[in-house]
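Taken together, the values in this text are just the output of simple stated rules run on the coordinates, not laboratory data. What you are looking at is a predicted structure, and each value in this text was computed from that prediction instead of being measured. Ideal geometry is used to build each Cβ from the backbone, glycine not excepted, and the neighbour counts take in all protein chains shown.
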């Protein structure tokens, strides 16, 4: 193919534009997760502040919209209060194991697959510094997605990060405190466990 020299830059510019547009339009669900955002304020043991639970897309099972989201916090978490979210209702409940469950249910049609959802919460942080998890169950008409897979290094059988990562938060020690660090060892139970 013999192109005039001034056509070559135009060709490469057009090709580059197509690559960028293609990348933007084909973002994979594997690149999106349930996320805890602290909105620039550190989580400090025994104190109260906010977090936002973000669900970036619909369920992975059928790639359809979200109708319900439930977050499970373990026993060490203090009180958690959901803020109002337009178009959603919320219910909080204590669990038999001492943990908490916050469930949001949409009022009307499912949230579109590509539209993220933001659930603001006010949290009384656990009394000890450490890493704490929120297991998240996302419900859609075609099935559910559990956001609860702990981060581990990649292996021949599993990618890293996992496709459905467990949202976690680092709770810092109070200034001047000698609290021991705790770590959530069993995210599938819905409860954080101490580990020293």
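With each label modelled as a point 7 angstrom along the Cα→C-beta vector, the residue 93-residue 170 pair spans 3.5 nm.
Given the peptides 152-160, 42-50, 106-114, arrange them by the average over their residues of other C-beta atoms within 10 Å, most packed first. Let's see the in-between values first.
Details: 152-160: 8.4, 42-50: 15.9, 106-114: 13.9.
Peptide ranking by packing, descending: 42-50, 106-114, 152-160.
Placing pseudo-labels 7 Å out from each Cα toward the beta carbon at residue 37 and residue 146 gives an inter-label distance of 2.7 nm.
Provide the gained length on full extension for the span residue 48 to residue 163, in nm with one decimal, where the gain is 0.36 nm per separating residue minus the Cα-Cα distance.
Details: separation 115, 0.36 × 115 = 41.40 nm, distance 3.09 nm.
Going from the current span to full extension adds 38.3 nm.
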